[in-house]
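The values are calculated or read from the model by the stated rules, or taken from the named source; none is laboratory data. Worth saying up front: this structure is predicted, and the values here are computed from it rather than measured. Because the Cβ atoms are built from the backbone with ideal geometry, glycine has one as well, and the counts that use them run over all protein chains shown. These accessible areas exclude ligands, DNA and RNA; they are computed on the full protein's heavy atoms, side chains included. Shrake-Rupley method; radii C 1.70, N 1.55, O 1.52, S 1.80 Å.
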Amino acid sequence: MIKVKIDSEKCKGCNLCLMYCPKGLIKESKILNKRGICPVEFDSSKGACIGCRFCALMCPESAIEIIDE
Amino acid sequence: MKEIYKKSNILTDAITHYCPGCGHGIIHNLVCEVVEELGIMEKTIAIAPVGCAVLAYDYWKFDTTEAAHGRPLAVATGIKRARPELIVFTYQGDGDLAAIGTAETVHAANRGENVTVIFVNNGVYGMTGGQMAPTTLLSQKTATCINGRNAKRDGYPLKVSEMLAVLDGVCYIERTSVHNPGAVIKTKKAIKKAFQNQIEKKGFSMVEVISQCPTYWGLSPVEAVEKIEKDIIKKVPLGVIKDV
Ligand SMILES: Cc1ncc(C[n+]2csc(CCOP(=O)(O)OP(=O)(O)O)c2C)c(N)n1
């Protein structure tokens, strides 16, 4: 299974990953990080990640890692 | 477990000072990925600009020096001529490269200095508060043209890449952007080519990257990348401008 790991402390909540995820598997978190930002989180409940890397390519913080377990 | 994507090892783990959605972060990682893939980390020297990217040396692991505002290409000329075996690149904003540094830029290009230029064009002076830059588009609003840039009052946007492309010393210029994943991949290819040209001693190479500045465009990051798609690249088309 492919997993998107998002570093929630690095995330600044720009939502560019969320905008480009073709499967809609990234959503805004309700929990604030240490800097008071609502980061995004990976939500695999709506389907399977296809590993397209779009989220990681668009992340200005390089906060996204994708692994195939 | 297989790794599908991981940021470049040459990029440090520091949290950047950039605003949310800023294109600088994406471009920093691309430069690091290219340097890593070409195996030139130990002999690369970057020249950081004055502008939002002034602290770039905190974010990448190869050696970086700082130049006075607009003068990275003068410094790059010195380093490359003294140590031609090194790979030297400048990373500059549009205020740096195309306003205060126009003379240094034009003459380094005209001399055909064998260096690489990453020209980050966001159409405003980001660091100082979003004032109008030479590259600000007509009718674009900034802190110093609050009703939009007006050609009669402010002159026309400077077509830096087209202008440099006519110079004989220039071997490669491409305009790219980082507003969608496909554009990011193309930008990486262009940056790689610009470094490879230097390794092959072909001469002056520049990649102009159209980059979003959500903060001083007064837009959310998502709106800013949509603006690049729907508006900006219609006015400043992407593509190879010169390749000899
Ligand atoms: C000699 C000098 N003049 C003016 C300034 C003020 N200044 C700092 S950054 C900047 C413009 C930066 O804009 P740009 O190069 O487009 O980079 P960005 O911040 O948008 O990435 C200016 C005018 C300065 N630092 N030094």
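Details
- 3J(HN,Hα) couplings calculated from phi for segment B:116-123 with the Karplus curve 6.51 cos²θ - 1.76 cosθ + 1.60 (θ = phi - 60°) are, in sequence order, 10, 10, 9, 10, 8, 9, 10, x Hz; Gly and Pro show x.
- Look at the stretch B:1-12: the mean tally of other chain Cβ atoms within 10 Å of its residues' Cβ atoms is 5.
- Greater than 25 Å apart at Cα, pairs in A:LYS30/B:LYS188; B:LYS152/B:LYS234; A:LYS10/A:LYS30; A:LYS34/B:LYS7; B:LYS61/B:LYS141; A:LYS46/B:LYS189: A:LYS30/B:LYS188; B:LYS61/B:LYS141; A:LYS46/B:LYS189
- Cα gyration tensor shape of the protein assembly as shown, rounded if a/c is under 1.5, else prolate or oblate by comparing a/b with b/c: oblate
- Average partner coverage of A:12-19, which counts Cβ from other chains inside 10 Å: 6
- FRET efficiency, B:ASP13 to A:ILE50 (Cβ-Cβ, R0 25 Å, nearest 0.05): 0.35
- Highest-first arrangement of B:171-183, B:90-102, B:68-80, where packing means the average Cβ count within 10 Å: B:90-102, B:171-183, B:68-80
- Shape of chain B, Cα gyration tensor, a/c cut at 1.5: oblate
- Stretched out straight at 0.36 nm per residue, the stretch from B:ASN110 to B:ILE199 would grow longer than its current Cα-Cα span by 30.1 nm.
- Virtual paramagnetic centre 7 Å along Cα→Cβ of B:LEU138, amide N under 14 Å, in segment B:154-170: B:154-159
- Fraction of antiparallel bridges per DSSP, chain B only, in percent to nearest 5: 25
- Distant-in-sequence amide H partners of B:THR64 (H built 1.01 Å from N, under 5 Å): B:ALA46
- Per-residue mean of C-beta atoms belonging to partner chains within 10 Å, peptide B:27-33: 2
- Protein accessible surface hidden between A and B, which excludes ligands and nucleic acids, total in Å², probe 1.4 Å: 2400
- Think of each Lys and Arg Cβ as +1 and each Asp and Glu Cβ as -1; about the Cα centre, that makes the dipole of the protein assembly as shown roughly 540 debye.
- Distance between the pseudo-spin-label points of B:LYS2 and B:GLU85 (7 Å out from Cα toward the beta carbon): 4.0 nm.
- Cα gyration tensor shape for segment B:147-206, rounded if a/c is under 1.5, else prolate or oblate: oblate
- Using the Cβ-Cβ distance between B:THR128 and B:ASP231 with R0 set to 22 Å, the FRET efficiency from 1/(1 + (r/R0)^6) comes to roughly 0.40.
- Residues of segment B:44-62 with amide N under 16 Å of a point placed 7 Å along Cα→Cβ from B:ILE100: B:48-56
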